[in-house]
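Worksheet: the structure to be examined is printed underneath.
Where a number appears in this text, it was derived from the coordinates with a stated rule and is not lab data. Please read these numbers as outputs of a predicted model, since none were measured by experiment. Quick reminder, even Gly has a Cβ in these numbers, built from the backbone with ideal geometry, and neighbours come from all protein chains shown.
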Amino acid sequence: MPHDLTVPGLGIYLLVQPGQAVTTGLRDLPRGRYDGQCGIQGHAAAGMAVAITVE
């Protein structure tokens, strides 16, 4: 089952297949905290979430 990672504040949407590694580049981001999560129901609550802090 593929999973996704969505970080709305950064315009990121990544689809990840089982066993796959995905890389994305981020440049010149405004300072702040950006929250993201897996969009599959129940997965964010189970810990599939991320917080990116730009200082």
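Of Arg33, Arg27, the sequence from fewest to most neighbouring Cβ atoms within 10 angstrom is Arg27, Arg33. Potential lengthening of the chain between Gln17 and Ile52 amounts to 10.4 nm, from the contour at 0.36 nm per residue minus the alpha-carbon distance. Each other residue within a Cβ distance under 12 Å of Ile12 adds +1 if Lys or Arg and -1 if Asp or Glu, for a net charge of -2. Going through (i) 21, 44, 23, 10, 1; (ii) 25, 45, 22, 8; (iii) 22, 53, 23, 2, the figure that equals P(r) over Cα pairs in 10 Å bins from 0, in percent as computed for the structure here is (iii).
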